[in-house]
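Visitor: Quick one: structure below, then a few questions.
Values quoted throughout were computed directly from the atomic coordinates according to the rules given, and no laboratory measurement underlies them. What you see is a predicted model, and the numbers here were worked out from it, not measured in a lab. Cβ placement follows ideal geometry from the backbone for every residue including glycine, while neighbour counts extend to all protein chains displayed.
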Amino acid sequence: MDEMSILMHVCTLVVKTLTFPLQLAELLGVCRLYKRVFPALMDRLSFAYNQKMSEKKREMFRDLMRFSSRDEPLRLLEVGCGSGANFQHYPSGCKITCTDPNAHFKDYLQKSMDKNDHLVYENFVVAPGEDLRVVEDNSMDVVVCTLVLCSVKNTPKVIQEVKRVLRPGGAFFFLEHVEADPSTWLYFFQHVFHPLMYYFVDGCETTRATWKHIEAAGFSDLQLRHFQAPVFSLIRPHIVGYGVK
Ligand SMILES: C[S@@+](CC[C@H](N)C(=O)[O-])C[C@H]1O[C@@H](n2cnc3c(N)ncnc32)[C@H](O)[C@@H]1O
């Protein structure tokens, strides 16, 4: 281990120790209360994030209609929808099912639904991405995840569920922040501040190499790009793209 790695591990340990009361609170189940407050925080954060990322999202979702089947309305499942920040980018008439494990997003989600009346809302399901059993096999043209795979408990399981519900030829669209290049200071700080981000942003991990799971998932066509997003530095490294089942 080189000197830099040792320093990184020591600093991470210090931050971890400082967050010990939060670890204890999580063990005692107190953090569940935070789930009530988090949607309000996320609503504000996602407003700022989406303003900076609106061009990138427009570009990302431009090709959605390519995946509709037989001129039918596009059937789209959003996993970890939060407050519905992506709705404005979906094509008119698109049939939306959304899921999120945090039921307290519902009021914020409803506001986004009211604002985006060009879409048809089929269902809001309170469920984690690891268990989408309420959604039938091969029933979706498109599945979307944005800023979700940083917080899920089991990324391969979520991707497996995504592939199960997609029809053959359907596509998984993703936009996620990821771990930085290990040779950079940003990587160092992502690891050091990881415990703080984890507790204050509801389980968000800045140190995930999410692209490796997507690449290993066996999509027939995978378009995946790394880029630097114009946002808060700890979450600047992003991946964007889609994988076809
Ligand atoms: C940073 S927010 C992003 C919300 C929204 N996708 C967006 O782009 O604004 C992360 C979301 O992931 C959800 N989430 C956390 N764990 C999850 C899981 N295991 N499966 C699905 N969603 C999850 C959270 O409840 C939250 O809504």
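Visitor: Please order 140, 53, 1, 197 by the number of other Cβ within 10 Å, starting at the fewest.
Guide: Listed from fewest to most nearby Cβ atoms, that is 1, 197, 53, 140.
Visitor: Still on this model: Express in nm, to one decimal, how much length is gained between residue 25 and residue 181 on full extension, taking 0.36 nm for each residue of separation and deducting their alpha carbon distance.
Guide: Result: 52.9 nm gained on full extension.
Visitor: Okay, next question. Kindly put 145, 94 in sequence by how many other C-beta atoms sit within 10 Å of each C-beta, fewest to most.
Guide: 94, 145
Visitor: Would you work out if the stretch 11-51 is rounded, prolate or oblate? Take a ≥ b ≥ c from the square roots of the eigenvalues of the alpha-carbon gyration tensor; rounded if a/c is under 1.5, else prolate when a/b is larger than b/c, oblate otherwise.
Guide: Taking the square roots of the gyration eigenvalues as a ≥ b ≥ c, the stretch 11-51 is oblate.
Visitor: Let me ask you something else. May I ask you to work out the translational diffusion coefficient for the stretch 3-244 at 4 °C, viscosity 1.567 mPa s, via Stokes-Einstein with Rh from the Kirkwood sum over Cα pairs, reported in whole µm²/s?
Guide: The diffusion coefficient I find is 69 µm²/s.
Visitor: On to the next question. For the chain, calculate the relative contact order in percent as a whole number, restricting contacts to Cα pairs under 8 Å that are 6 or more residues apart.
Guide: 19
Visitor: Applying 1/(1 + (r/R0)^6) with R0 = 30 Å to the Cβ-Cβ distance of residue 41 and residue 244, what FRET efficiency is obtained, to the nearest 0.05?
Guide: Between residue 41 and residue 244 the formula returns 0.30.
Visitor: Further, regarding this structure: Among 34, 119, 219, flag the residue with its Cα farthest along the positive direction of the charge dipole of the stretch 3-244, charges on Cβ as +1 for Lys/Arg and -1 for Asp/Glu.
Guide: Comparing the listed Cα positions along the dipole, 34 ranks first.
Visitor: Roughly how many debye, to the nearest 20, is the charge dipole of the chain about its Cα centre, given +1 on each Lys and Arg Cβ, -1 on each Asp and Glu Cβ, and no other charges?
Guide: For the chain, the charge dipole is close to 240 debye.
Visitor: On to the next question. For 187, 34, what's the fewest-to-most ordering of other Cβ within 10 Å of each Cβ?
Guide: Going from least to most buried by this count: 34, 187.
Visitor: Now for a separate question. Using the basic label-point model (7 angstrom from Cα toward the beta carbon), what is the residue 50 to residue 213 distance in nanometres?
Guide: 2.4
Visitor: For the chain, what are the DSSP H helices with axial Cα length of 18 Å or more and mean Kyte-Doolittle hydropathy of at least 1.0?
Guide: Long hydrophobic helices here: 3-18.
Visitor: While we're looking at this one, here's another question. Pull out the extension gain between residue 131 and residue 115, defined as 0.36 nm times the separation in residues minus the alpha carbon to alpha carbon distance; nm, one decimal.
Guide: 2.9 nm
Visitor: My understanding is that a pair violates if its Cα-Cα distance is over 20 Å; which of 56/163; 35/106; 153/212; 157/245 do that in this structure?
Guide: Violating the 20 Å Cα-Cα cut-off are 56/163.
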